[in-house]
Amino acid sequence: MKIAVVGAHLSGQPLNKQLTERNATLVRTTKTAPVYTFYALANTTPPKPGLVRLAVGESAACGIEVEVWELGAAEFGTFVDLIPPPLCIGTLELEDGEKVKGFLAESYAVADAKNITHLGGWRAYLKS
């Protein structure tokens, strides 16, 4: 199964080991379709972003960088079980139109979050 990650699970980030411990394989780095807003969530440890899909017909200025990983179904299940609210797994649309499971945030979580969509990804935010 494929899963797109956008923040603390990216290669070199603090939670990436949750993927590598499950023998996940990095398939590619790409971007989402430009239909998401991207936020730095408040009060998360380690720091985490949240991705929220825009309403149908709306678009963002840019896609957000993601890594697509592949892992077995059983490993996918144990990985998803680790995800704390307000994060959740849904279906993400990638820039090439492919749809994969990936990280999203519940809308209430972005009420006090910083919109970082314009930076295009978590690594760019961390460098800013």
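Bear in mind that the values in this text are calculations on the coordinates, not laboratory data. Values in this document were obtained by computation on a predicted structure and should not be read as measured data. Every residue, glycine as well, gets a Cβ built from its backbone with ideal geometry; the counts of neighbours run over all protein chains shown.
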1/(1 + (r/R0)^6) with r = Cβ-Cβ of GLU75 and GLU106, R0 = 35 Å, i.e. FRET efficiency to nearest 0.05, evaluates to 0.90
Taking every other residue with Cβ under 10 Å from the Cβ of THR30 and scoring Lys and Arg +1, Asp and Glu -1, one gets -3
In the list (i) 1.30; (ii) 0.97; (iii) 1.47, the entry giving Cα Rg over 2.2 N^0.38 Å computed from the coordinates is (ii)
LEU126 and LYS99 label points (each 7 Å along its Cα→Cβ direction) are spaced in nm at 3.1
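Can you show me the helix-derived [θ] at 222 nm for the chain, built from DSSP H runs with n ≥ 4 at -39,500 (n - 2.57) apiece and divided by the number of residues, rounded to the nearest 500.
-3000 deg cm²/dmol
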Among TYR125, THR91, VAL27, the residue whose Cα sits farthest towards the positive end of the charge dipole of the chain, when +1 is placed on the Cβ of each Lys and Arg and -1 on the Cβ of each Asp and Glu, is TYR125
Listed with the fewest Cβ neighbours within 10 Å leading, GLU95, GLU67 appear as GLU95, GLU67
Measuring from its Cα centre, the chain shows a charge dipole (+1 at each Lys and Arg Cβ, -1 at each Asp and Glu Cβ) which, in debye to the nearest 20, is 260
Taking a label point 7 Å from the Cα of SER59 along Cα-to-Cβ, the residues of the stretch 84-116 whose backbone nitrogen sits under 19 Å from it are 92-99
